[in-house]
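Only one structure is covered here, and it is reproduced in the block below.
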2 protein chains.
Amino acid sequence: MSVQDKKTLPMEMFMDLERSGPIPLYFQVSQRIEKAILSGELPAGSRLENEVALGQRLGLSRPTVRRAIQEIVDKGLLVRRRGIGTQVVHGQVTRKVELTSLYDDLTNTHKVPSTHLLTLESQAADVRTAERLGVDEGSPTLHLRRVRLADDVPVAVMENWLPKEFIGIEAADLVAHGLYQVLRSRGVTMRVARQHIGARTSTNDEAGLLEIEKNSALLTMDRTAFDNSGRAIEFGRHCYRPDLYSFEVTLVEK
Amino acid sequence: MSVQDKKTLPMEMFMDLERSGPIPLYFQVSQRIEKAILSGELPAGSRLENEVALGQRLGLSRPTVRRAIQEIVDKGLLVRRRGIGTQVVHGQVTRKVELTSLYDDLTNTHKVPSTHLLTLESQAADVRTAERLGVDEGSPTLHLRRVRLADDVPVAVMENWLPKEFIGIEAADLVAHGLYQVLRSRGVTMRVARQHIGARTSTNDEAGLLEIEKNSALLTMDRTAFDNSGRAIEFGRHCYRPDLYSFEVTLVEK
DNA sequence: TTTGGCCAGTTGTCATGACAATATCAGGTC
DNA sequence: GACCTGATATTGTCATGACAACTGGCCAAA
């Protein structure tokens, strides 16, 4: 009758919830709902069953169901309206930018990533690097410069500085696994990152590395990443070939 | 003794909570805590009082206090660790990118924004526009093209398409208030936006409008915005002078 | 001295219950 | 027919209680 579908889909896919496993219930539920949305089982504009009824059918409390739904709302896939209900957003499927590295991005899109390591050295921190990493000027840092390739085509030139406790990182690891994977394997997990995205004209050096013409446009990203305790872990200045890479950001008003 | 301050600040600033007002309690609490962080009253690295004790002292339940804290964690200002407590992040204050327009951004940074309206017309949707807005190809849309200036210096060239119900928008409103303000005044509130950020070389036309050299680098942003019901409200292709504008994104790993 | 286990502190998850705020819709009244 | 009104449905907010999981430090044993 109205614009949006009124049939609340049955969704009898929740029979296998692990109530004693390590995975939170709300996460199990949100994953299943999200999967249903992305697979088209819950088409755009369709209404979700209301929180109370859904919880009753799954044998879960309303806060648990509510949190599961909220997770998906935060991703921008669902919209809730008081007095109305919860709907799948119209428009195309959106993917939120997550805290991952370019290496992860490329593997997720089924391209074959590889790395040329240009520089791997200990370097005294200059003013800017010291400020970003929260260390004293002149203190040692690990400095690396790499070219990232996807299917053997250069995509990005990446320059990074890390605090001195990472100076032991080996070249082989970086070529094989990407920086964030190496850091994760050393027990460091990124928690917050602050990025600046801009553009500028390429230098001759960068143009050569990226196999593009001199003075052509580059997409740039500066990032400072922090770990669980809020300590700066990495400061990076990256530049990307704009014809091969762009950033996708999904914003949700609260 | 340890790395971080152990003194849990007293914070006797919560005496004026409005329990019957329209503002949620968790929001009142989160605002006060955030203010304390930004003002330096809660310095970087300091520990927050634990959830249970804070709730008891304020006469609030733990879920309410917890939600207040979570709001700030989502902004990247606090970090919680099980078994440890909640700390103010080290590093600089970060500001999350929000769902605002360039006009709002400029007024927030105390620059004086103005607009040159180049085009305001009804236009049949081409394939791409139709797909983005979720309308039929060839159906009427409102097409506008503007130059945004900050302190009389051109910053961006913005081209937008809106569904046909906005065709009545007048030129005077756009020059005076910015697109998003005009839409808000017509009862439309943006809820979700999907943005692609990239870079490319300027055309001669754009270079002239932005008062930069031909073939210099531009920062570009394509956006599709959706309202409360998930319907596409706006599709825009913008390009910015990279020396005057950049995007800031704060990412938080969950 | 070093190692291991125990204990207290803190956040993470989940359940139950209640009331408020808002949107839709049907019906009645002017 | 237009407008008001009330009933209904749904999400928003908040309280209380309980247990699990993780961290760090203390203390005893090897």
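Across A:65, B:135, the residue with the most accessible area heads the list, and the full order at a 1.4 Å probe is B:135, A:65. Ranked from shortest, the separations from the 7 Å Cα-to-Cβ label point of residue B:203 to its equivalents in the other copies are 3.3 nm. Comparing each chain alone with all protein chains together (probe 1.4 Å, DNA, RNA and ligands left out), the residues of the stretch A:186-204 losing at least 30 Å² of accessible area are A:191, A:192, A:193, A:194, A:195, A:196, A:197, A:199. Taken one residue at a time, the phi angles of the stretch B:171-180 give Karplus couplings (6.51, -1.76, 1.60, θ = phi - 60°) of 4, 4, 4, 5, 5, 8, 10, x, 4, 5 Hz. Gly and Pro are set to x.
Within 10 Å of each Cβ in A:220-226, how many Cβ atoms from other chains are there, averaged over the peptide?
4
Relative to a virtual label point 7 Å from the Cα of residue B:153 in the Cα→beta-carbon direction, which members of the stretch A:195-231 show backbone nitrogen distances below 19 Å? Label zone hits: A:197-201.
Plainly put, the tip 7 Å out from Cα toward Cβ on residue B:187 is 6.0 nm from that tip on each other copy, the closest given first.
Scanning residues 5 or more positions from residue A:78 or on other chains, those with amide H under 5 Å from its amide H are A:73, A:89, with H placed 1.01 Å from N in the peptide plane. Of the peptides B:194-200, A:174-180, B:39-45, the order by per-residue mean of other Cβ atoms within 10 Å, starting with the highest, comes out as B:194-200, A:174-180, B:39-45. For the stretch A:135-142, putting each phi into the Karplus relation 6.51 cos²θ - 1.76 cosθ + 1.60 with θ = phi - 60° gives couplings of 10, 6, 5, x, 6, x, 9, 8 Hz, in residue order, rounded to whole numbers and with x for Gly and Pro. Here the accessible area of the stretch A:102-240 is 47 percent carbon and sulfur, with a 1.4 angstrom probe and all protein chains present.
Calculated accessible area for the stretch A:102-240 comes out at 42 Å² per residue, all protein chains present (probe 1.4 Å; ligands, DNA, RNA ignored).
Near residue A:46, the amide H atoms lying under 5 Å from its own belong to A:88; only residues 5 or more places off or on other chains count, and H is placed 1.01 Å from N.
What the phi angles of the stretch B:81-86 give under the Karplus curve with 6.51, -1.76 and 1.60, with θ = phi - 60°, is a coupling list of 9, 4, x, 10, x, 10 Hz, glycine and proline written as x. The A-B contact accounts for approximately 4200 Å² of buried accessible area, totalled over both chains at a 1.4 Å probe radius. Database remark: amide H of residue A:124 closer than 5 angstrom to the amide H of A:141 (H placed geometrically; neighbours at sequence offset of 5 or more, or on other chains; Pro and chain starts carry no H). Take residue B:63, push a point 7 Å out from Cα through the beta-carbon direction, and compare it with the same point in every other copy: 0.5 nm, smallest first. Heavy-atom accessible area, probed at 1.4 angstrom with all protein chains present, ranks A:34, A:213, B:234, A:170 as A:213, A:170, A:34, B:234, highest first. Here each label is just a point 7 Å from Cα along the line to Cβ, and for residue A:114 and residue A:27 those points are 3.6 nm apart.
The values are calculated or read from the model by the stated rules, or taken from the named source; none is laboratory data. This one's a predicted model, so the numbers in the text were calculated from it and none came from an experiment. In this analysis, Cβ positions are derived from the backbone assuming ideal geometry, glycine residues included, and neighbour counts consider all displayed protein chains. Protein only, heavy atoms only, side chains kept; ligands, DNA and RNA dropped before computing areas. Shrake-Rupley method; radii C 1.70, N 1.55, O 1.52, S 1.80 Å.
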